[in-house]
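Student: The structure's right below; bear with me while I get my questions together.
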Amino acid sequence: MAKAKAEVVEKVVEEAVEAVETKPVKGVAKLEEEGDIAADYLEALLDIADLDGDIDIDVENDRASLAIVGGKLNHLVGRDGEVLDAIQELTRLAVQTATGDRSRLMLDIDNFRANRRKELTKLANEMAEEAKSTGASIKLAPMNAFERKIIHDTIQELGLSSESDGEDPNRYVVIYPA
């Protein structure tokens, strides 16, 4: 009986590994195509709104990355990046409509995400030090998925662990001491 269970577990593990190994990964050319489609969409959006801005396209972390810079664009970011998140989602949908594939592209406007990344990295470093010195877990304020990922990545680089808890929109990160 135990041998049969072990064989079933082994087969399931083999199938899972095979599925991961055969999962298609988007190549740079495909990501560049996503970036071009997204840039065309965003240029049309800026034209409709009669706004100035240059669009930079890049590929980083296995995803297309676009940034709209220049001009007066604060209102396209909105309070806490809410408008930026909405424009990013609309851009992802435009890319998905054109390619038939789900897009994970990242959009930054007026350096909002780049500046927020710096703030969150600093916060994660400070909270990691506090967790180490006190030996207690630290609960952070609720954050969106983009912000939580930055915290998790930074905490992992520091050799500590963290996890998200709660339900959106009140989902937050808990940092654990070593």
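Student: Please list, ordered by chain and number, the residues whose modelled amide H lies under 5 Å from the amide H of ILE109; skip anything fewer than 5 residues away on the same chain.
Tutor: ILE68
Student: State the answer as a single residue: which of LEU84, GLY100, GLY53 lies farthest towards the positive end of the charge dipole of the stretch 28-110, with beta carbon charges of +1 for Lys and Arg and -1 for Asp and Glu, about the Cα centre.
Tutor: GLY100
Student: Starting at the first residue of the stretch 104-112, write each ³J(HN,Hα) from the Karplus equation 6.51 cos²θ - 1.76 cosθ + 1.60 with θ = phi - 60°, in whole Hz, x for Gly and Pro.
Tutor: Using θ = phi - 60°, the values come out as 10, 4, 10, 10, 10, 10, 6, 6, 4 Hz.
Student: Can you list residues from other chains, or at least 5 along the same chain, whose modelled amide H is less than 5 Å from the amide H of ALA64?
Tutor: ARG104, LEU105, MET106
Student: Restricting to DSSP H runs of at least four residues, report the calculated mean residue ellipticity at 222 nm for the chain, -39500 (n - 2.57) per run over all residues, nearest 500 deg cm²/dmol.
Tutor: It lands at -19000 deg cm²/dmol.
Student: For labels at GLU60 and SER161 in the simple 7 Å Cα→Cβ model, what's the distance in nm?
Tutor: For GLU60 paired with SER161, the spin-label model returns 3.0 nm.
Student: Continuing with this model, one more query. Which ³J(HN,Hα) values in Hz, rounded to whole numbers, follow from the phi angles of the stretch 129-139 under the Karplus curve 6.51 cos²θ - 1.76 cosθ + 1.60, where θ = phi - 60° and Gly and Pro get x?
Tutor: Once θ is set to phi - 60°, the couplings for the stretch 129-139 become 4, 5, 4, 5, 6, 8, x, 10, 6, 10, 9 Hz.
Student: A further question on this structure: For the stretch 49-178, place one equal point scatterer on every Cα, skip the solvent, and apply the Debye formula. What is log10 of I(q)/I(0) at q = 0.13, 0.21 Å⁻¹?
Tutor: -0.63, -1.22
Student: Here's something else I'd like to know. How high is the relative contact order of the chain, in percent, with contacts defined as C-alpha pairs under 8 Å that are six or more residues apart?
Tutor: With pairs under 8 Å counted, the relative contact order is 15 percent.
We did not get these values from a lab; they are worked out from the coordinates using the rules stated. All values reported here derive from a predicted model rather than from experimental measurement. In this analysis, Cβ positions are derived from the backbone assuming ideal geometry, glycine residues included, and neighbour counts consider all displayed protein chains.
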